[in-house]
1. Restricted to segment 332-358, and to residues that are touching a residue at least 24 places away in the same chain (Cβ under 8 Å) and in a helix (DSSP H, G or I), which residue is nearest to the chain's Cα centre (by Cα)?
2. If I filter segment 114-126 for residues that are out of contact with any Asp or Glu (no Cβ under 9 Å at 6 or more places or on another chain) and among the acidic types (Asp, Glu), do I get at least one hit?
3. Among the residues of segment 75-123 satisfying the criterion of being in contact with a Phe, Trp or Tyr (Cβ under 6 Å, 6 or more places away or on another chain) and of a type in the set (Phe, Trp, Tyr), which is surrounded by the fewest Cβ atoms within 10 Å (Cβ to Cβ)?
4. Looking at the structure I just gave you, is TRP361 surrounded by fewer than 20 Cβ atoms within 10 Å (Cβ to Cβ), among the aromatic types (Phe, Trp, Tyr) and farther than 19 Å from GLN145 by Cβ?
5. Give the residues of segment 200-257 that are outside any loop (DSSP other than H, G, I, E, B), buried (at least 21 other Cβ atoms within 10 Å of the Cβ) and touching an Asp or Glu at 6+ places or on another chain (Cβ under 8 Å), sorted by residue number.
6. Output the number of residues of segment 267-323 satisfying the condition of being in a loop (DSSP other than H, G, I, E, B) and within 24 Å of SER144 (Cβ to Cβ).
7. For segment 108-123, indicate whether the set of residues that are in contact with a helix residue (DSSP H, G or I) (Cβ under 9 Å, 6 or more places away or on another chain), touching a residue at least 40 places away in the same chain (Cβ under 8 Å) and of a type in the set (Ser, Thr, Tyr) is non-empty.
8. With respect to VAL185, is the statement that it is touching a strand residue (DSSP E or B) at 6+ places or on another chain (Cβ under 6 Å) and under 27 Å from ALA321 (Cα atoms) true?
Amino acid sequence: MARRPPLVVLALLLVSACRDQAGPTGPSARAKEGPIPPELPGPAPLPAATTAPAPAFVPERVQGEGAAMGTHLAFAAYTTPAVDAAKTRTAFDAANAEIRRVEALMTTWRPDSEISRINAAAGKSAVVVGDETLQIIKDSIHTSQISEGTFDITFQTLHGLWKFDEDLDPHPPAEKAIKERLPFVGFKGIIVDDAKKTVMLGRKETQIGLGGIAKGYAVDRAVAVLEKAGLTSFFVQAGGDLFARGKKPDGTDWQAGIRDPRGPESKYFAKLSLSDHAFSTAGDYERSYVVGNKRYHHIIDPRTGSPATASRSVTIWAPSALVADEIDDAVFILGPKKGLALVESLDGVGAVIVDAQNNLWVSKRLEGKIELVAAPSEGL
């Protein structure tokens, strides 16, 4: 039995047969059809690409600084595809201006500030204030309530007795002078009327000052300015108050050093990772002096009228610079046991404390976030 030819061979045969049926295909056949039309040109080839691919975006670190609220201001940010170095510096200028605006509103150094007007009307009349000042005073009262009165903006009543600012005078005031003013210190003497947006001090001897909270609020306002400008990785620092937004371009957190309270100014005993959190340190080494083997400093216990003695340094980690700023003084005055209890009761808040005996205390939320470099130094 004959084998069938392969399919390919059959296909070739069919094609050949079709050509035979179609008639002649040589020159004589083309002549019958008329002259060959000229060949139409095909589409022109596309020119070779000459534009080099755009280089990958590389974030640039930009730094800035300023001065306000009696302290040094520092800024750092990484550029984005939409916010270059020039726009970043413009944003820093706007953040500086915002901090100065808050200072003008809440300082006691200017007679026309809202706080100065409240003090001037003490014991006489209520003063209408803006929403910001009203809210900050209300926040201050709440912090006083939860901290056993250790944070109290009426500490300003003692102003002039202790001299730790530009008028630094290494001579403690007489105990009698403190006792005369102490009865007029107390947050319960602040009268707030939400409906009328007024604040009044019940007694003419009472004064308030926002030095323990306004700087933190100003940092938060500066953060809002930089965010509005489109920055996503940056920090704002005003003295011991700092807020870090986002992470660095390499994915790591920002780092803040915790100063050794008895070491030189440049020495840190620990580092703390920061991302979308604030950091504030209260220490007895700032604005202080030593007399008769005793250290006197600017963190005044409003219950005694004298410098607090339970701690050397308190660092607070918190969701906002305002909270960190107001809580650090309270924890400093309360001491490690009561202070840590307060810290653990607040959402997102942690603490690192060096107590009066140079012992180190770390709250639960900061376990694993703090890196110890060395033990705090000994000293008076």
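1. This residue is VAL343.
2. no
3. Checked segment 75-123; the qualifying residue surrounded by the fewest Cβ atoms within 10 Å (Cβ to Cβ) is PHE75.
4. yes
5. The answer is ALA214, LYS215, GLY216, TYR217, ALA218, VAL219, ALA222, ASP241, PHE243, ALA244.
6. Applying the first criterion (in a loop (DSSP other than H, G, I, E, B)) to segment 267-323 yields 267, 275-276, 284-287, 292-293, 298-299, 302-305, 308-310, 319-320.
Of the ones still in play, those that are also within 24 Å of SER144 (Cβ to Cβ) are 284, 286-287, 298-299, 302-305, 308-310, 319-320.
Number satisfying all stated conditions: 14.
7. Within segment 108-123, one or more residues are in contact with a helix residue (DSSP H, G or I) (Cβ under 9 Å, 6 or more places away or on another chain), touching a residue at least 40 places away in the same chain (Cβ under 8 Å) and of a type in the set (Ser, Thr, Tyr).
8. On the way: touching a strand residue (DSSP E or B) at 6+ places or on another chain (Cβ under 6 Å): no; under 27 Å from ALA321 (Cα atoms): yes.
So VAL185 fails the test.
The values are calculated or read from the model by the stated rules, or taken from the named source; none is laboratory data. Computed from a predicted model, the values in this text were never measured in an experiment. We place every Cβ from the backbone using ideal geometry, glycine too, and count neighbours over all the protein chains shown.
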